[in-house]
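Colleague: Got a structure here, written out as structure tokens. Questions coming.
The values are calculated or read from the model by the stated rules, or taken from the named source; none is laboratory data. Every value quoted in this text rests on a predicted model; they were computed, and no experiment measured them. Counting neighbours? That spans all protein chains shown, and the Cβs are built from the backbone with ideal geometry, glycine included. We work out accessible area using only protein heavy atoms, side chains counted, and drop any ligands, DNA or RNA first. Shrake-Rupley method; radii C 1.70, N 1.55, O 1.52, S 1.80 Å.
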Amino acid sequence: MENIKNLPIDIQTSKLLDWLLDRRHCNLKWQSAVKTVREKINAAIQDMPENEEIKQLLSGSYIHYFHCVRIVEILKGTEVSSKNIFGRYSSQRMKDWQEIVSLYEADNIYLAEVASLLSRNVSYEGPALRKQLAKAQQLQQELSRREVECQSSAADLRERYYAACKQYGITGEHVARELQALVKDLPAVLEEVGKDATKLEELIQLYTAFTNFVCEWSEPVLPMLTFAQKRGNATFYEWRTGKVPIIVERPFVEDAPADTVTEDMIDWGDFGAGTETQAGNFGIAVEDGVDWGISLEPGTEDNGAGAIDWGDSEAAPIEIEIVDAGTDCPEGVARGEDALTILENSQSRSQFIDELMELDVFLTQRMTEMGEEGDVVAMSQFQLAPSVIQRQTQEHIQEMLSEVRDLLVRLTTLRMQHLFMIQASPRYVERVSEVLRQKLKQADILVLKGAKMAEKRREALEEQGMLEPRVDLLAGCTRELQKMIEADISKRYNNRPANLMGVNI
């Protein structure tokens, strides 16, 4: 018997109410009785004395039996002056709360109510608050990640912008003006290339002699380089006709409009407007397959806001009449393309570069052949070669190869290619400026989106700050309720220890 008295009573919290009903501690119709008690509680709390502890009890979300018992104890002190000669309270407040306690104790309906309340806290209220808290914490992490992505992508776009500007040879502060300034310096650059081409006389002679010796080639080789070696960067008219023009009428090139785009002129779209779904989409998707490139193809995206305007395709077609060079042009007057230098004219410049590449291949092959030792056949083949071929050394060939490659690099760099295109079409300046501006525009949009993510992250942090006290308060109330129910059940079973299992908030 002694062992049974000390044996603890373990009850699963989720089954507590069923346990009380099965053991006839509570009535199956306890809910209808509780409804009547709740109505009396709502009426009684309308008239309460000024007491700090009572205020704290009434500030809770749900007033149960144990709260009512404590209120009665407090009222015994505040309403002591209302006792009559029989020791009874004449105060209506005391009568109301004593009646509430009596109704609660009838059929132990208070025990069924607090058991239901404890089960609801453990099974529903607690998990719901924990879920909201976890969601706020997860949202902070996600927003923080997206904020970092926006900042990183914006920095990457700006870096790509300045890298592109560096390729063009500009700082990027005023793209159009800087590009036009580079084009103005282009003739001087090409003039220097033309002067350096005059140093190729020995190389041209070597290649001519080698071609004639090996192939008995009778046609002139390297005609463009030969002309440039003698005349430098002369006009295309002189190359075509063999005569120096008396008058050179260079074609008029219209300057592209200055780069005057300011922040106020940037179209930010519907940033920050509309529903939450619209506000979250700022024109750039960060998570799913980000493509930070700029499409240069006309008509992409249905000519949307991100497409570049390549001109009015709907306008009437422009008729261009092509005439032969020199037509209706007086003798000795270089006009149009004839007035351009051979390095400015795309046709002659291409031939100039092709012949330089031809020399590059020739010298590279000669370096390989001269580097082979003990090739008796090769040595015997060149015994009858002209002296200009026999006296060449591998070191001298390497020097000439370096000169050729230097000229090639100076004409074929990405920067020079852009300059030639700018010179050929002023509209190209507008397109380049627009492409570069798109990178900065997207970077600015991402910065604003990052700021929006930071703002939402702060809101999630504030929500977390409000939820944590609620979780702590619920956990405290639940533990207190657990102890009271355990003590009540323990009294019913000769003070055997009662343990409610699974109480976790």
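Colleague: Looking at this structure, is Ala128 farther than 24 Å from Ile422 by Cα, without any contact (Cβ under 8 Å) to a residue 24 or more places away in the chain and among the hydrophobic types (A, V, I, L, M, F, W, C)?
Modeller: The answer is yes for Ala128.
Colleague: Of all residues in segment 145-176, which are among the polar types (S, T, N, Q) and open to solvent by less than 30 Å² (accessible area, probe 1.4 Å)?
Modeller: Residue satisfying the conditions is Ser153 alone.
Colleague: Among (1) outside any helix (DSSP H, G or I); (2) free of Cβ contacts under 8 Å to residues at least 24 places away in the same chain; (3) of a type outside the set (Lys, Arg), which single condition is Val248 missing?
Modeller: Val248 satisfies every listed condition except (2).
Colleague: Could I ask something else about it? For segment 215-225, name all the residues that are open to solvent by 40 Å² or more (accessible area, probe 1.4 Å) and not small (Gly, Ala, Ser). Steps first, please.
Modeller: Pass one, segment 215-225, residues open to solvent by 40 Å² or more (accessible area, probe 1.4 Å): 215-220, 223.
Answer for segment 215-225, where residues must be open to solvent by 40 Å² or more (accessible area, probe 1.4 Å) and not small (Gly, Ala, Ser): Cys215, Glu216, Trp217, Glu219, Pro220, Pro223.
Colleague: Here is a further query. Would segment 48-59 turn up any residue that is assigned to a helix (DSSP H, G or I) and among the hydroxyl-bearing types (Ser, Thr, Tyr)?
Modeller: Looking for residues that are assigned to a helix (DSSP H, G or I) and among the hydroxyl-bearing types (Ser, Thr, Tyr), one finds none in segment 48-59, hence no.
Colleague: Further, regarding this structure: Can you tell me which residue within segment 75-88, out of those that are of a type outside the set (D, E, K, R) and open to solvent by less than 40 Å² (accessible area, probe 1.4 Å), is modelled with the highest pLDDT? Full working, then the answer.
Modeller: Going through segment 75-88, the residues of a type outside the set (D, E, K, R) turn out to be 75, 77-78, 80-82, 84-87.
Then drop every residue that is not open to solvent by less than 40 Å² (accessible area, probe 1.4 Å), which leaves 75, 82.
On the way: Leu75: 84, Ser82: 56.
My answer is Leu75.
Colleague: OK, next. Determine the pairs where a residue that is closer than 14 Å to Leu133 by Cα, located within segment 465-493, has a partner that is small (Gly, Ala, Ser) and crowded, with 16+ Cβ neighbours inside 10 Å with Cβ atoms under 7 Å apart, the partner being 6 or more residues away or on another chain.
Modeller: Listed pairs, sorted by first residue: Leu467/Ala136; Leu474/Gly126.
Colleague: Which fully enclosed helices (runs of 4 or more DSSP H) of segment 165-236 have 3 or more residues being out of contact with any Pro (no Cβ under 7 Å at 6 or more places or on another chain) and within 18 Å of His418 (Cα to Cα)?
Modeller: Output list reads 175-197.
Colleague: Go over the candidates Glu399, Glu395, Glu358 one by one and state the one that is at pLDDT 85 or above, under 28 Å from Gly242 (Cα atoms) and either part of a loop (DSSP other than H, G, I, E, B) or open to solvent by 60 Å² or more (accessible area, probe 1.4 Å) (or both).
Modeller: Of the residues listed, the single one that is at pLDDT 85 or above, under 28 Å from Gly242 (Cα atoms) and either part of a loop (DSSP other than H, G, I, E, B) or open to solvent by 60 Å² or more (accessible area, probe 1.4 Å) (or both) is Glu358.
Colleague: Further question: Could you list, in sequence order, the residues of segment 177-214 that are farther than 30 Å from Ser425 by Cα and either crowded, with 19+ Cβ neighbours inside 10 Å or free of Cβ contacts under 8 Å to residues at least 24 places away in the same chain (or both)?
Modeller: Matches in segment 177-214: Leu200, Leu203, Ile204, Leu206, Tyr207, Thr208, Phe210, Thr211, Asn212, Val214.
Colleague: While we're looking at this one, here's another question. Taking segment 1-53 as the search range and keeping residues that are of a type in the set (Lys, Arg) and over 17 Å from Leu117 (Cα atoms), which one is most open to solvent (accessible area, probe 1.4 Å)?
Modeller: The residue in question is Arg24.
Colleague: Which of the residues belonging to segment 416-464 are under 18 Å from the mean Cα position of the chain (by Cα) and more than 30 Å from Lys135 (Cβ to Cβ)?
Modeller: Matches in segment 416-464: Leu436, Arg437, Gln438, Lys439, Leu440, Lys441, Gln442, Ala443, Asp444.
Colleague: Mind checking whether some residue in segment 464-484 is closer than 22 Å to Leu7 by Cα and out of contact with any strand residue (DSSP E or B) (no Cβ under 6 Å at 6 or more places or on another chain)?
Modeller: yes
Colleague: Within segment 417-464, how many residues turn out to be open to solvent by less than 40 Å² (accessible area, probe 1.4 Å), farther than 17 Å from Leu157 by Cα and among the small types (Gly, Ala, Ser)?
Modeller: Qualifying residue count, segment 417-464: 3.
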